[in-house]
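**Student:** Just passing along the structure, written as structure tokens.
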Amino acid sequence: MAPKTDEAGLEERITGALVGAAVGDALGGPVEGYTPEQILERHGGRVHGIVGPWNGDAWRTARPIAPYHKGDGHVTDDTLMTHALVRVYATVRDHLDAYAIAEHLVPDLMTTPRWIPELQAEALPLHRLFLAEKWLAARLHYGHVDPREAGTGNIVNCGAAMYMAPVGLVNAANPAGAYAEALDIAGAHQSSYGREAAGVLAAAVAAACSPGATPDSVVSVCLSLAKDGTRAAVEQVCEAASRHTDFESALEPLRKAVAPYDTVGPDYRSPSLDARRPSRLHAIEELPVALGMLVVAGGDYRQAVLGAVNYGRDCDSIATMAGALAGALGSPVPEDWAKSVAEASRLDLWHPAATLTEVTREIFDRDVHRRRSHEAAFAEMGGPRCSD
């Protein structure tokens with residue numbers, strides 16, 4: 001059943017989006033990188049909740065280059081980065097830009113030890129991040145690159161988009177503002193369609209916060225703002241999604257729809273030679289599929305996230321995005337999932353939401369004051385058109 005979006009207030013939407021993103025992340029983590037068929041075989045059916053590590057007790061050594069305890073309700077770097085961005089908003093208490101990433105986010109990642117669920121230890125968040133996210137430290141801290149251009153040259157992936165939900169929430173019901181702010185922020189991290197995806201994901205979350213929003217209205221907003229391959233991928237995937245009402249039947253059609261735009265190729269663990277390079281014709285896979293699963297599920301949180309999880313490939317990030325969108329629409333996050341993920345990850349999933357709600361209201365007040373000052377100055381210049 002579709003959520004009654006007009007009944008959810010700002011706090012409920014922000015909480016739903018942030019808690020929903022974290023839960024989706026935790027559910028998707030253990031099956032990341034595999035195909036729907038491999039997931040089906042490994043688990044004796046589709047994943048319907050929290051599951052253990054793919055390799056069981058051998059998780060530390062099965063993949064030596066990534067010895068992470070994915071599963072058992074542990075969030076991944078998607079959530080670690082999302083919460084880090086919330087902390088930046090809590091410090092700045094205003095809209096952010098690329099310089100805020102250099103001045104606040106990077107030092108947070110490099111200097112403050114935190115509990116890392118996948119490492120089962122307290123460590124610097126930087127030590128958990130993927131190479132494309134470590135780029136932030138290399139370029140901004142060590143390279144002293146202009147923050148607005150630091151993302152150029154990085155692996156083009158979903159690294160910036162995966163933690164942009166807070167930007168959409170701060171700009172709730174203002175998708176164009178969210179898009180512009182996210183593009184500025186993401187310039188420190190990504191370029192090309194990786195940066196574009198960050199802007200569109202933030203816009204989608206902002207649109208989902210609007211009273212009366214639906215999956216279709218969210219997609220329409222995305223199509224009005226998205227550019228190049230990202231727009232084409234969203235359009236094709238969501239068109240395919242509109243013909244399905246259950247994720248099982250949608251898994252193959254959604255992959256087929258996004259494949260022409262995805263540079264990684266059919267084998268997620270063995271990317272093509274053209275993978276993750278800048279292009280105006282391509283898109284990251286995660287955002288279009290997350291929007292597609294939102295459409296298939298009719299906005300229902302549980303079904304959108306389970307569809308994202310069972311899609312496989314980079315499904316922790318897909319489920320993070322789908323969870324944020326469904327939560328922002330007002331669809332409730334299952335309480336048992338949220339409680340289990342919070343306990344397993346040793347994280348308070350609700351505190352960042354309370355913080356961001358408070359900051360969002362402060363930023364809105366600042367925006368109103370700035371707008372009124374502009375209106376007064378414009379009127380004093382004789383700017384407004386005279387009405388008859």
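The values are calculated or read from the model by the stated rules, or taken from the named source; none is laboratory data. Predicted model only: the values in this text are computed from it and were never measured. Here the Cβ positions follow ideal geometry from the backbone for every residue, glycine too, while neighbour counts run over all protein chains shown. The area values use the complete protein model at the heavy-atom level, side chains included, leaving out ligands, DNA and RNA. Shrake-Rupley method; radii C 1.70, N 1.55, O 1.52, S 1.80 Å.
**Student:** Going by what's in this entry, would residue 199 be described as of a type in the set (Gly, Ala, Ser), closer than 30 Å to residue 72 by Cα, buried (at least 24 other Cβ atoms within 10 Å of the Cβ) and within 17 Å of the chain's Cα centre (by Cα)? Lay out the reasoning, then the answer.
**Tutor:** On the way: of a type in the set (Gly, Ala, Ser): yes; closer than 30 Å to residue 72 by Cα: no; buried (at least 24 other Cβ atoms within 10 Å of the Cβ): yes; within 17 Å of the chain's Cα centre (by Cα): yes.
In short, no.
**Student:** Can you pull out every residue in segment 156-186 that is surrounded by fewer than 24 Cβ atoms within 10 Å (Cβ to Cβ), in contact (Cβ under 8 Å) with a residue 40 or more places away in the chain and under 11 Å from residue 196 (Cα atoms)?
**Tutor:** Selection gives 184 alone.
**Student:** Consider residue 249 carefully, then state whether it is in a loop (DSSP other than H, G, I, E, B), open to solvent by 40 Å² or more (accessible area, probe 1.4 Å) and either closer than 19 Å to residue 35 by Cα or not acidic (Asp, Glu) (or both).
**Tutor:** no
**Student:** Cβ-Cβ below 8 Å, separation at least six or inter-chain, first residue in segment 52-72 and closer than 13 Å to residue 33 by Cβ, second in a loop (DSSP other than H, G, I, E, B) and charged (D, E, K, R): which pairs?
**Tutor:** 53/70; 53/72; 54/70; 55/63; 68/118; 68/128; 70/32; 70/118
**Student:** Among the residues of segment 128-138, write down those that are modelled with pLDDT of 95 or more, part of a helix (DSSP H, G or I) and not aromatic (Phe, Trp, Tyr).
**Tutor:** 132, 133, 134, 136, 137, 138 - these are the residues of segment 128-138 that are modelled with pLDDT of 95 or more, part of a helix (DSSP H, G or I) and not aromatic (Phe, Trp, Tyr).
**Student:** Conditions: (1) open to solvent by 10 Å² or more (accessible area, probe 1.4 Å); (2) more than 27 Å from residue 351 (Cα to Cα); (3) in contact (Cβ under 8 Å) with a residue 60 or more places away in the chain. Residue 42 meets all but one. Number of the miss?
**Tutor:** (3)
**Student:** Of a type in the set (A, V, I, L, M) and not in a helix (DSSP H, G or I), is that true of residue 119?
**Tutor:** Yes, satisfied.
**Student:** Determine which single condition residue 150 fails, assuming it passes every other condition in (1) under 29 Å from residue 261 (Cα atoms); (2) assigned to a helix (DSSP H, G or I); (3) touching a helix residue (DSSP H, G or I) at 6+ places or on another chain (Cβ under 8 Å); (4) not charged (D, E, K, R).
**Tutor:** (2)
**Student:** Additional query: Conditions first: (1) closer than 17 Å to residue 207 by Cβ; (2) in contact with a Leu (Cβ under 6 Å, 6 or more places away or on another chain); (3) surrounded by fewer than 24 Cβ atoms within 10 Å (Cβ to Cβ); (4) not aromatic (Phe, Trp, Tyr). Residue 294 passes all but one, so which condition is the exception?
**Tutor:** Result: residue 294 passes all but (3).
**Student:** Residue check, residue 60 against (1) modelled with pLDDT of 95 or more; (2) outside any loop (DSSP other than H, G, I, E, B); (3) not hydrophobic (A, V, I, L, M, F, W, C), all met but one. Which one?
**Tutor:** (1)
**Student:** How many residues are open to solvent by 40 Å² or more (accessible area, probe 1.4 Å), in contact (Cβ under 8 Å) with a residue 24 or more places away in the chain and farther than 20 Å from residue 39 by Cβ when one looks only at segment 237-246?
**Tutor:** 2
**Student:** Are any residues in segment 3-33 more than 22 Å from residue 170 (Cβ to Cβ) and within 20 Å of the chain's Cα centre (by Cα), and if so, which ones?
**Tutor:** Selection gives 26, 27, 28, 29, 30, 31, 32, 33.
**Student:** Being hydroxyl-bearing (Ser, Thr, Tyr) and either over 27 Å from residue 172 (Cβ atoms) or in contact with a Ser or Thr (Cβ under 7 Å, 6 or more places away or on another chain) (or both) is the filter; apply it to segment 340-388 and report the residue that is least open to solvent (accessible area, probe 1.4 Å).
**Tutor:** So, considering only residues that are hydroxyl-bearing (Ser, Thr, Tyr) and either over 27 Å from residue 172 (Cβ atoms) or in contact with a Ser or Thr (Cβ under 7 Å, 6 or more places away or on another chain) (or both), the one least open to solvent (accessible area, probe 1.4 Å) is 340.
**Student:** Every residue in segment 333-366 that is closer than 19 Å to residue 74 by Cβ and of a type in the set (Lys, Arg), please.
**Tutor:** 339, 346
**Student:** Let me confirm something: among 299, 330, 312, which residue is in contact with a Pro (Cβ under 6 Å, 6 or more places away or on another chain), open to solvent by 10 Å² or more (accessible area, probe 1.4 Å), more than 14 Å from residue 235 (Cα to Cα) and not aromatic (Phe, Trp, Tyr)?
**Tutor:** 330
**Student:** Continuing with this model, one more query. Which of the following residues is open to solvent by less than 10 Å² (accessible area, probe 1.4 Å) and either among the aromatic types (Phe, Trp, Tyr) or over 22 Å from residue 308 (Cα atoms) (or both): 136, 119?
**Tutor:** After applying the criteria, what remains is 136.
**Student:** Looking only at segment 47-94, how many residues end up being open to solvent by less than 40 Å² (accessible area, probe 1.4 Å) and among the basic types (Lys, Arg)?
**Tutor:** Counting residues in segment 47-94 that are open to solvent by less than 40 Å² (accessible area, probe 1.4 Å) and among the basic types (Lys, Arg) gives 1.
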